[in-house]
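**Student:** Below is a structure I'd like to ask you about.
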């Protein structure tokens, strides 16, 4: 397929300002050294800081870009600079894209002997390829359904994990602050908790592989040491105590994945009860309740068994009234069922426990598209839920259905900025310009930004003058705390200097005030003088020496504005007044030496 149209603004919306700027720089420098299109996948190589180039994969459908990934270590939100550079190269050097056949096309004309020879050759070069081929053969021999949802189950570990190194690691992390003064240690508590939290990644690996016993062994080591040692941490900000919520969530899934006997389930429930008792004295209540229920009930709990057979009543998966943690336990069970590909049981449980958003999304995922759309329209009520459903429908290549449910989501109350931006890109890629424009306008009003503003302009065509005035009027009345950065960026871009000044006068960060000062000093020097002097005097009058360097920065801006206004004598008089009033503030006077 050819690459659907997309714009520079669309790239900007998916990147941070820094990543986009660096992407433009990489593109100008010619760092995108390879662009290959195979069907609906664009592959690129981009030279970065390492010897080997980074590899970028961008996937398209008829609505535009569906995913963009890079093998660089970037993890700061949005697309990285290599992806931005790749897409910019697509826009400006489309004739450099080399079209090659897809893998399916290349294999079509090979006979059985040639295919066998190819696979054996690849497996000889890389033994992991042989393992991957074997696992897929096993899956296809064990089921007649070659659906995309079928995956192989990772092999279970044959030897048990030794939890002692984990215990020592947790203990070492918790006591890493012992040699610090309390005032220093306070600022590092969050980092300590993050380090312990990262150890849970090992547990999730075992859970996702279906190896519950080793997951439980690692979890026990982490929980034992953390329950004993977390009180050594200053928990004024709640970081240390908040980690127990994360522990409780993973314990529930681990108990459900492990194939435990009734006696073992009772033993684990007793341990969870003991840990809960130890932390309850410090205000950490009920965090292990879902895990306790998971351990005690397992999958044998009679009400749960009835639900999994499709016998659904108003009581759901409970004998009587559902406990407070019923939703948390239901979600844990659903995750396990999904990994085990028990889709019909998943649907029964989701329906019984009123997890209707998960129910609808699973319908779409297993190809029951019309049911998913009908049920979604009836039961979902938040824009974020419709975004999740629309994304799954798009994954199933049901673009018309995705467009329909996304547009319905925009009619609902709630946070709809992300949904609107997503819908805008899809509709634009499908050639539905009017729908894209409507979504872009909603996206701007939900989360104002310069890139969202430019997206509306890009789609508006002849309607832009009218829409421009409407958007600017909306921006002027938007609360400052909500959209100050957008107000400043857009007003300055449009040359509306007085509007930019008004935006920061309502209350803004120092950075925004400085941004406006630098932009308006040639045309509004008097405002810069007044504002900069006020900021400087506030710091100086407070007498806090450690902030004097900020005061000097403000005075430097005031000096530039005085000189721009042709008021050199007034500046010298003002500087003399500062020195006369604050002459005993010796640190400040030293910083002002040579300041003319």
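Here, each number is a calculation from the coordinates, and none is a lab measurement. Computed from a predicted model, the values in this text were never measured in an experiment. FYI the Cβ positions are ideal-geometry reconstructions off the backbone, even for glycines, and counts take in every protein chain you see.
**Student:** Would you please give the FRET efficiency between residue 49 and residue 17, computed as 1/(1 + (r/R0)^6) with r the Cβ-Cβ distance and R0 = 22 Å, to the nearest 0.05? Don't skip to the answer; put the middle values down first.
**Tutor:** Details: r = 20 Å, r/R0 = 0.92.
Taking R0 as 22 Å, the efficiency between residue 49 and residue 17 is 0.60.
**Student:** Using only C-alpha positions, report the orientation-averaged shadow area of the convex hull of the range 185-331, nm², one decimal.
**Tutor:** Average projection, Cα convex hull of the range 185-331: 9.2 nm².
**Student:** Using only C-alpha positions, report the orientation-averaged shadow area of the convex hull of the range 435-559, nm², one decimal. Mind dumping the intermediate values first?
**Tutor:** Values: hull surface 33.3 nm².
Spelled out: convex hull of the Cα atoms, projected over all directions, averaged, 8.3 nm².
**Student:** Where does the Debye-calculated log10 I(q)/I(0) of the range 521-592 sit at q = 0.21, 0.25, 0.28 Å⁻¹, using only Cα point scatterers of equal weight, no solvent?
**Tutor:** Relative scattering, expressed as log10 I(q)/I(0), comes to -0.85, -1.12, -1.30.
**Student:** Would you please calculate the Kirkwood hydrodynamic radius of the range 1-126 over all C-alpha pairs and express it in Å, rounded to one decimal?
**Tutor:** On the way: mean 1/r = 0.0633 Å⁻¹.
That comes to 15.8 Å for the range 1-126.
**Student:** Cα centroids of the range 242-287 and the range 461-475: how far apart, whole angstrom?
**Tutor:** Value for the Cα centre distance between the two parts: 56 Å.
**Student:** Given 20 Å bins starting at zero, what is the percent of C-alpha pairs of the chain in each, up to the one with the largest pair distance?
**Tutor:** So the P(r) values, bin by bin, are 14, 37, 37, 11, 1.
**Student:** Could you state, as a whole-number percent, how many of the C-alpha pairs of the range 272-408 are farther apart than 19 Å? Could you put the intermediate results ahead of the total?
**Tutor:** Details: 5194 of 9316 pairs.
More than 19 Å apart: 56 percent of the Cα pairs in the range 272-408.
**Student:** Just rank 496, 256, fewest to most, by other beta-carbon atoms within 10 angstrom. It would help to have the intermediate numbers written out before the result.
**Tutor:** Working: 496 17, 256 22.
Fewest to most other Cβ atoms nearby, the residues stand as 496, 256.
**Student:** Express in whole angstrom the spacing between the alpha-carbon centres of the range 519-596 and the range 334-411.
**Tutor:** 60 Å
**Student:** What value, in deg cm²/dmol to 500, does the helix sum -39500 (n - 2.57) over DSSP H runs of n ≥ 4 give at 222 nm once divided by the residues of the chain? It would help to have the intermediate numbers written out before the result.
**Tutor:** Values: 31 runs with 384 residues, N = 596.
The helix-only estimate for the chain comes to -20000 deg cm²/dmol at 222 nm.
**Student:** Another question about this same structure. How many angstrom lie between the C-alpha centres of the range 169-188 and the range 68-124?
**Tutor:** First find each Cα centre; the distance between them is then 47 Å.
**Student:** Further question: Over all directions, the average projected area of the alpha-carbon convex hull for the range 357-506 comes to how many nm²? Mind showing how you got there, number by number?
**Tutor:** Numbers: hull surface 36.3 nm².
Mean shadow area of the hull around the Cα atoms is 9.1 nm².
**Student:** Apply the Debye scattering formula to the range 164-261, with a single equal point scatterer on each alpha-carbon and no solvent, then give log10 I(q)/I(0) at q = 0.10, 0.11, 0.20, 0.24 Å⁻¹.
**Tutor:** The Debye formula, applied to the Cα set alone, gives -0.28, -0.33, -0.93, -1.22.
**Student:** So, one more: Give me the distance in nm between label points sitting 7 Å out from Cα along the Cα-to-Cβ direction at residue 374 and residue 122, one decimal.
**Tutor:** Rounded to a tenth, the inter-label distance reads 4.1 nm.
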